[in-house]
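Data first, discussion second: the structure below is written as structure tokens.
The values are calculated or read from the model by the stated rules, or taken from the named source; none is laboratory data. Since we're looking at a predicted model, the values are computed, not measured. Cβ atoms come from the backbone with ideal geometry, glycine included; neighbour counts cover every protein chain shown. Surface accessibility is based on the protein's heavy atoms, side chains included, excluding ligands, DNA and RNA. Shrake-Rupley method; radii C 1.70, N 1.55, O 1.52, S 1.80 Å.
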Amino acid sequence: MLFLVISFTAESQPLRKGSHVILIRNINNARFLRINENSNISVLTTSGNIIFGKIRLIKADTVFFHDTLVRVSDINRLY
């Protein structure tokens, strides 16, 4: 009986299309930066490349721009 009640409550929740977010902590001042899909940012990577534009998609630890992608571990600075 309990399993039946739990399954009904799980089904009754509305389906929502979520927006992916990455939280990055600045270790110098202990502040968090929230990066959303569709936001415009500039990224300086550890290899020295500068990538800028609108974020198309965020999946796991990867930020997808229009023509390239950047892993969060490869980000050196954000603007």
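Per-structure values
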read-out	value
Simple spin-label estimate for Arg25 and Phe65 in nanometres, 7 Å along Cα-Cβ	2.7 nm
Portion, in percent, of the accessible area of region 13-73 that falls on carbon or sulfur, probe 1.4 Å	52 percent
Residue-normalised accessible area of region 27-79, expressed per residue, 1.4 Å probe, Å²	75 Å²
Equivalent-ellipsoid semi-axes of region 16-78, from the Cα gyration tensor, Å, largest first	18, 16, 9
